[in-house]
């Protein structure tokens, strides 16, 4: 039996009886969180540019249409570009945008006699399991710093698994779907996998590539269901060819569904920033709540594990939107002077010499070797506050707000949802989306009703925005 066969067998068998009972409420929280990211992302400049690919321009035909596969590509890409979707730390993968929206879209299109709330729930739990366990098997945190984006690498095989579950494919057909998807996997978005690409005249294709990857995985499952086969031996060597030459751990794959649901291990991000910054922001805010005046501070030192410090310990915020999202100094400055800015998806370029930029200059990121042992299962930080040369306070955070040990409840998720969707949809529409997400697993038509509601939001955005096309001279 090949490793792909093993994965397919685990997928078709699913979790042991009773292993996921009671998790629908938790899955619904992640679904609402992802939907809020999509709604906010759909209204951003990058989101609008992605959806504008459904229209032709100049001599270029429309690149997408309203078909299921194209809708999945655009929806998942748009939710993911926000950088407020969830993250699984041990695998350094971000499953929510890929998993929940793909499952929702496919489930909504199934014929009435095939729609099942139980199957929808199982497909989402399966998607989280496949992306995160495979991410751990290839050491996602390490490969991120080698230029490979784990989420992009694993998106095709993840959506192939989701589609196979919803279609009810047997083990043989599921294995073929995974094989086809893995053959099309690539994890290199261009530029730095962790901090975006260098600025240029155009827009980074990072999110577009991710959307196309999710589309590819779905197409793999749909084609396997109609008799197409792949190479099921792709993972069976020391350097897995399908995973860009990365070493893969078979032992982790063989533990699929043998531990608690991966969705339970997945963090929800309270801010629009790199996950590597969140513990530092959380510690800094708690210190300020203890009565320290941020205006009196002359230096703020942030200790991080070495790999994290090298990723976010920069203040090059003019390079790109992602450079601002990753910069620890920039986000600490936002927490001090403009806390609402931490959920600003656009992260517009700050003006040089602004208060934010000057405050960021106070922040020094250093490598704290004492924190390395808890990574990558946690993304810790130590924050030290100084007035002149005297340290007046310090705090170490291992588990930040939104992590499994300090998990978001439905109230916190709704608050984040309302903040992200404010000004994009009205209160009535927001209340309806909240209700549909909460009840999606209580009805076999729940997925279809929610998907149609998102379609109405998309149409509203189309009606608001004129076509914008870049035409080569």
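What follows draws every value from the coordinates through simple rules; no lab data is involved. Predicted model only: the values in this text are computed from it and were never measured. Counting neighbours? That spans all protein chains shown, and the Cβs are built from the backbone with ideal geometry, glycine included.
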Each label sits 7 Å from Cα toward the beta-carbon; between residue 367 and residue 205 the label points are separated, in nm, by 3.5
Can you tell me the 0 to 90 degree angle between the C-alpha axis of helix 275-289 and the longest principal axis of the chain, rounded to 10?
-> 40
Rounded to the nearest 500, what is the 222 nm mean residue ellipticity of the chain from helices alone, with -39500 (n - 2.57) per DSSP H run of 4+ residues and division by all residues?
-> -15500 deg cm²/dmol
Going by how many other Cβ atoms sit within 10 Å of their own, how do 297, 209 line up, fewest first?
-> 209, 297
Can you sort 390, 422 by how many other beta carbons sit within 10 Å, fewest first?
-> 390, 422
In nm, to one decimal, how far is the modelled label at residue 306 from the one at residue 346, with both set 7 Å along Cα→Cβ?
-> 4.1
Please check which bits of segment 352-371 a label hung off residue 387 would reach, taking the label as a point 7 Å along Cα-to-C-beta and the cut-off as backbone N under 16 Å.
-> none
Relative to the longest principal axis of the chain, what angle (0 to 90°, nearest 10) does the C-alpha long axis of helix 117-137 take?
-> 60
Among 79-86, 219-226, the order from most to least packed when residues are scored by Cβ within 10 Å on average = 79-86, 219-226
How big is Rg to Rh over the chain, alpha-carbon atoms, Rh as the Kirkwood inverse-mean-distance radius?
-> 0.96
Among 157, 392, rank each residue by its count of other Cβ atoms within 10 Å, from fewest to most, as a rough exposure measure.
-> 392, 157
Between residue 254 and residue 452, what is the label-to-label distance in nm when each label sits 7 Å out along the Cα-to-Cβ direction?
-> 4.8
Pairing the Cα long axis of helix 150-167 with the longest principal axis of the chain, what angle in degrees results, from 0 to 90 and rounded to the nearest 10?
-> 40
Could you let me know the centre-to-centre spacing of segment 252-329 and segment 97-142, using Cα atoms, in angstrom?
-> 26
Can you quote the Å³ per residue value for the convex hull of the Cα atoms in segment 275-401, rounded to an integer?
-> 100
